[in-house]
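Take a look at the structure below.
The values are calculated or read from the model by the stated rules, or taken from the named source; none is laboratory data. Owing to the predicted nature of the structure, the values given are computational and were not obtained by experimental measurement. Note that we place each Cβ from the backbone using ideal geometry, even for glycine, and neighbour counts take in every protein chain shown.
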């Protein structure tokens with residue numbers, strides 16, 4: 001895919017209080033395989049961690065230039081747009097997670113969600129065993145909604161019920 005000039009963000013030209021949000025806003029417009037370029041006078045690694053926390057592991061982060069005067073980073077969306085995804089939802093790209101950490105990551109994200117919040121599990125097979133594990137651990141404090149059911153991808157929105165006290 002081709003990136004337009006609009007996807008090059010010269011951070012130094014943006015008011016400081018708007019810099020990170022501008023990067024997140026541009027990222028949220030990207031389709032799978034599209035990227036943005038961050039041009040900055042220092043390593044913007046905090047943006048990496050914030051984007052990971054806000055949207056999940058649905059991007060790659062590639063240093064094209066690493067100082068000493070300028071850093072250029074290519075940020076590429078690696079997961080297809082999920083038609084009903086919300087910009088505030090974390091998307092867990094499960095095939096990119098180490099096998100022994102997959103379920104633990106899902107449980108950790110669920111437990112940190114506020115009542116009424118949701119996140120999306122993006123997987124290459126039906127993660128129904130996770131549903132049963134969540135149910136055993138948390139009862140009926142969540143909803144499990146299939147957004148896409150194969151054949152290549154399964155996308156499930158997990159929402160913490162408003163009545164949930166956990």
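If the condition is being closer than 17 Å to residue 28 by Cβ and out of contact with any helix residue (DSSP H, G or I) (no Cβ under 9 Å at 6 or more places or on another chain), then the stretch 52-73 contributes 52, 53, 60.
Every residue, every condition in (1) modelled with pLDDT of 90 or more; (2) in the same structural domain as residue 129 (by TED's automatic domain parsing); (3) assigned to a helix (DSSP H, G or I); (4) surrounded by fewer than 16 Cβ atoms within 10 Å (Cβ to Cβ), yes or no:
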site	(1), (2), (3), (4)
26	yes, no, yes, no
29	yes, no, no, yes
33	yes, no, no, yes
43	yes, no, no, yes
53	no, no, yes, yes
104	yes, yes, yes, yes
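Looking for something touching a strand residue (DSSP E or B) at 6+ places or on another chain (Cβ under 8 Å) and over 22 Å from residue 21 (Cα atoms) - is there at least one such residue anywhere in the stretch 45-61? The answer is no; no qualifying residue exists.
All told, residue 96 falls short of being modelled with pLDDT of 95 or more and either touching a helix residue (DSSP H, G or I) at 6+ places or on another chain (Cβ under 9 Å) or within 30 Å of residue 39 (Cβ to Cβ) (or both).
If we scan the stretch 149-158, do we find a residue that is under 16 Å from residue 57 (Cβ atoms) and in contact (Cβ under 8 Å) with a residue 60 or more places away in the chain? Taking every residue of the stretch 149-158 in turn, at least one turns out to be under 16 Å from residue 57 (Cβ atoms) and in contact (Cβ under 8 Å) with a residue 60 or more places away in the chain. Among the residues of the stretch 119-137, those that are surrounded by 18 or more Cβ atoms within 10 Å (Cβ to Cβ) and outside any helix (DSSP H, G or I) comprise 119, 120, 121, 122, 123, 127.
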